[in-house]
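Have a look at the structure below before the remarks.
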Amino acid sequence: LTDAAGGKVYGRLFEIRGQDWPIVQHKEGFVTGMCVERPVRVRVDGQELEATAFVTNPRRASQDGPVSPRFVEALVRGAQAAGLPAEYVERLKRGA
């Protein structure tokens with residue numbers, strides 16, 4: 001995720017019980033420093049809420065080189081499985 005005025009991405013929102021949060025942090029790579037937590041604004045049924053997303057740790061992030069086709073394929077499969085809008089899935093397929 002990167003900041004872009006007026007930008008939006010689609011995704012799934014999950015409510016995680018407090019006692020389960022450390023397990024999610026571990027699986028996402030927060031514990032090892034692979035990612036960081038980032039507050040995000042989400043819209044659910046017209047209501048804006050604050051949530052937490054896991055993003056690549058800025059110390060590890062790079063814009064060098066092309067995006068892996070396998071990564072794009074994984075994003076597309078996930079978006080399709082989540083029932084995200086077809087136009088968004090098509091945008092992912094194009095690597096946009």
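Suppose every Lys and Arg Cβ carries +1 and every Asp and Glu Cβ carries -1, with no other charges. What dipole size does region 54-96 come out with about its Cα centre, to the nearest 20 debye?
140
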Check every DSSP H run in the chain and write down those whose alpha carbon atoms cover 20 angstrom or more along the long axis and whose mean Kyte-Doolittle hydropathy is 0.0 or greater.
none
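Can you give the percent of C-alpha pairs in region 9-61 whose distance is more than 13 Å? Please list the in-between numbers first.
Details: 892 of 1378 pairs.
Summing the P(r) tail past 13 Å for region 9-61 gives 65 percent.
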Label-to-label distance, nm, for residues given as GLN63 and TYR10 (7 Å Cα→Cβ offset):
2.6
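Of the heavy-atom accessible surface of the chain (probe 1.4 angstrom), what whole percent is carbon and sulfur?
Numbers: 4080 of 7990 Å².
Carbon plus sulfur share of accessible area: 51 percent.
Give the residue list of chymotrypsin sites (Phe, Trp or Tyr not before Pro) in region 1-90 that are DSSP loop and have at most 10 other beta-carbon atoms within 10 angstrom.
Details: sites: TYR10, PHE14, PHE30, PHE54, PHE71, TYR88; in loops: TYR10, PHE14, PHE30.
Answer in residue order: PHE14.
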Average Cα contact separation per residue, the chain, under 8 Å, 6 or more apart, as relative contact order %:
21
Largest-first semi-axes in Å of the equivalent ellipsoid built from the Cα gyration tensor of the chain are 22, 20, 14
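The values are calculated or read from the model by the stated rules, or taken from the named source; none is laboratory data. Since we're looking at a predicted model, the values are computed, not measured. Note: ideal-geometry Cβ built from the backbone for every residue, glycine included; neighbour counts use all protein chains shown. What goes into the accessible areas is simple: the full protein's heavy atoms, side chains included, and nothing from ligands, DNA or RNA. Shrake-Rupley method; radii C 1.70, N 1.55, O 1.52, S 1.80 Å.
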